[in-house]
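Report on the following structure.
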Amino acid sequence: MTSTTTTEQHLRNLARLRRVRDRIDREYARPLDVEALARDAHMSAGHLSRQFRLAYGESPYGYLMTRRIERAMALLRRGDLSVTEVCFAVGCSSLGTFSTRFTELVGVPPSVYRRQAAQATAGMPSCLAKQVTRPIRNREAPLSEPRLA
């Protein structure tokens, strides 16, 4: 294969991956699985997962769950839905999995977040509240400086 062909193939793969990511962004509340995403991208599930992780730093499932949790955070800040209603509204089918993943990404359980966020973002425009309350993954969190006593 020539370098031009390799570059063209790489660009085609990136375009497919962008379409997968865009679909996850659009359809996060629908039942999505890696096999269906891979089928639509004309890839195997394993190949899609590997390529997606290389391009975006996380698996397609991890990306989907992050989108769901971000949307759940917005719904919980509104305060008019229960945690269970939010869980199902964002496309999760298990309250336990939703709560576990939410706690992993946000650092507190959904019920605690709902109480705290309502107070912390009171009077703040929603576009600013979204930026301020975006979940930070462990690998993105700044390392704390060691304290010298």
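Quick notes on this one:
- Any hit, segment 124-142, residues being at pLDDT 95 or above and crowded, with 17+ Cβ neighbours inside 10 Å: no
- Entry remark, segment 21-62: residues being of a type in the set (Ser, Thr, Tyr) and not in a loop (DSSP other than H, G, I, E, B) number 3 in total.
- The numbered conditions (1) in contact with a helix residue (DSSP H, G or I) (Cβ under 8 Å, 6 or more places away or on another chain); (2) surrounded by fewer than 15 Cβ atoms within 10 Å (Cβ to Cβ); (3) of a type outside the set (A, V, I, L, M); (4) at negative phi are all true for Arg67 except (2).
- Every residue from segment 87-103 that is without any contact (Cβ under 8 Å) to a residue 24 or more places away in the chain and of a type outside the set (A, V, I, L, M): Cys87, Phe88, Ser94, Gly96, Thr97, Ser99, Thr100, Thr103
- Tally of residues being of a type in the set (Gly, Ala, Ser) and touching a Cys at 6+ places or on another chain (Cβ under 9 Å) across segment 72-95: 3
- Flag for Ala72 being in the same structural domain as Val86 (by TED's automatic domain parsing), at pLDDT 90 or above and surrounded by 14 or more Cβ atoms within 10 Å (Cβ to Cβ): yes
- Across segment 80-98, the qualifying residues are those that are out of contact with any helix residue (DSSP H, G or I) (no Cβ under 6 Å at 6 or more places or on another chain) and more than 18 Å from Pro31 (Cβ to Cβ), and the one among them that is surrounded by the fewest Cβ atoms within 10 Å (Cβ to Cβ) is Asp80.
- Among residues of segment 4-47, those that are within 24 Å of Arg71 (Cβ to Cβ) and not hydrophobic (A, V, I, L, M, F, W, C), counted: 14
- Tally of residues being of a type outside the set (D, E, K, R), touching a residue at least 24 places away in the same chain (Cβ under 8 Å) and surrounded by 12 or more Cβ atoms within 10 Å (Cβ to Cβ) across segment 16-49: 10
- Residue selected from segment 99-125 under the condition β-branched (Val, Ile, Thr) and part of a helix (DSSP H, G or I), by the criterion farthest from Tyr28 (Cα to Cα): Val112
The values are calculated or read from the model by the stated rules, or taken from the named source; none is laboratory data. Keep in mind that this is a model prediction, so the values were computed, not measured. We place every Cβ from the backbone using ideal geometry, glycine too, and count neighbours over all the protein chains shown.
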